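In what follows, a structure is listed as structure tokens, so that the remarks can point back to it.
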Amino acid sequence: MAESAADGESESKPIKDLPVIQDEGFFQHDTGDKYDGFFEAKKKDRTIKMHGPGTYTTAEGDIYSGTWEADRLGANEEVSITFKDGSKYVGHFDDWSYNGQGKYIYPDDSVLMGNFIGNIPVGDLTLVDPNGHEWVGKADNGFAWLDPVNHFYEMLERSRDLKKYVKSDLSGRSTMSKLKMVQSVINEEQVANQAVTNIGNTDQDTTEDAT
């Protein structure tokens, strides 16, 4: 009888509310931004954060898909980012930057594959142009020289220009500016090792164009 009473007493104790709830859902902001995926809700500070696999779509049409951790995308994992102009990045992503192996797909279907550090391709890389031709080369200081030399790619925005998503409670709005890379054609008669304008001047020109 004593054991039964003890059992009954334990069963009558209220169950404590879980301090953290993890679930899957769909959220839409008044701004038009949407999130569809897993989230984490904390009762103590009444916050909801993107946590786990999910897709965030901005009102402008940019789409960020991958694994989220406390509102941060990637954590050095592979993600997929599609911009409204048709360009796309697929690869490793960390600290709101392209970091690690990845590929950048241009609106004209050109594909740049290589290693990225802080949004900038570095070292050996491969470019497949819209005609399906493959070019190989190296990237240095924001420029990629390909063999044979008739193309170069110029970084117009650095990681410091990327705006971060800040979603402390999924109620605010933020946008991430996309990495812009512009393709130019170099005359084939130019020497392969021709000097090009340094990245400092490139950034300055970019700032002037933006204004």
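The values are calculated or read from the model by the stated rules, or taken from the named source; none is laboratory data. Keep in mind that what you see is a predicted model, and the values were worked out from it rather than measured. Using ideal geometry, Cβ is built from the backbone for each residue, glycine included, and neighbour counts are taken over all protein chains shown.
Considering only region 32-65, state which residues are under 12 Å from Ser80 (Cα atoms) and buried (at least 20 other Cβ atoms within 10 Å of the Cβ).
Once the filter is applied, which keeps residues that are under 12 Å from Ser80 (Cα atoms) and buried (at least 20 other Cβ atoms within 10 Å of the Cβ), region 32-65 yields Gly54, Tyr56, Tyr64.
Here are some residues: Ser80, Ser87. Which one is of a type in the set (S, T, N, Q) and farther than 27 Å from Lys49 by Cβ?
So the residue among Ser80, Ser87 that is of a type in the set (S, T, N, Q) and farther than 27 Å from Lys49 by Cβ is Ser87.
Can you confirm whether region 66-81 contains a residue that is surrounded by fewer than 18 Cβ atoms within 10 Å (Cβ to Cβ), charged (D, E, K, R) and outside any strand (DSSP E or B)?
To start, the set of residues in region 66-81 that are surrounded by fewer than 18 Cβ atoms within 10 Å (Cβ to Cβ) comprises 69-70, 75-78, 80.
Right, trim to charged (D, E, K, R) and you get 69, 77-78.
Subsequent filtering for residues that are outside any strand (DSSP E or B) retains none.
Looking for residues that are surrounded by fewer than 18 Cβ atoms within 10 Å (Cβ to Cβ), charged (D, E, K, R) and outside any strand (DSSP E or B), one finds none in region 66-81, hence no.
Quick one: in region 104-118, which of the residues that are buried (at least 18 other Cβ atoms within 10 Å of the Cβ) and not hydrophobic (A, V, I, L, M, F, W, C) is nearest to Tyr89 (Cα to Cα)?
Step by step, filter region 104-118, then rank; the result is Tyr104.
Out of (1) at positive phi; (2) acidic (Asp, Glu); (3) in contact with a strand residue (DSSP E or B) (Cβ under 6 Å, 6 or more places away or on another chain), the odd one out for Glu134 is which?
Glu134 satisfies all of (1) at positive phi; (2) acidic (Asp, Glu); (3) in contact with a strand residue (DSSP E or B) (Cβ under 6 Å, 6 or more places away or on another chain) except (1).
Would you confirm whether or not region 105-121 contains a residue that is touching an Asp or Glu at 6+ places or on another chain (Cβ under 8 Å) and farther than 19 Å from Gly142 by Cβ? Break it down stepwise before answering.
Taking region 105-121 first, the residues touching an Asp or Glu at 6+ places or on another chain (Cβ under 8 Å) are 107, 110, 114-115, 119.
Cutting the leftovers down to farther than 19 Å from Gly142 by Cβ gives us 107.
Scanning region 105-121 turns up at least one residue that is touching an Asp or Glu at 6+ places or on another chain (Cβ under 8 Å) and farther than 19 Å from Gly142 by Cβ.
Return the residues of region 43-97 that are more than 23 Å from Phe26 (Cα to Cα), of a type in the set (Gly, Ala, Ser) and at pLDDT below 90; say none if nothing qualifies.
Within region 43-97, Ser97 is the sole residue that qualifies.
Mind counting the residues in region 82-119 that are in a loop (DSSP other than H, G, I, E, B) and closer than 16 Å to Ile63 by Cβ?
7
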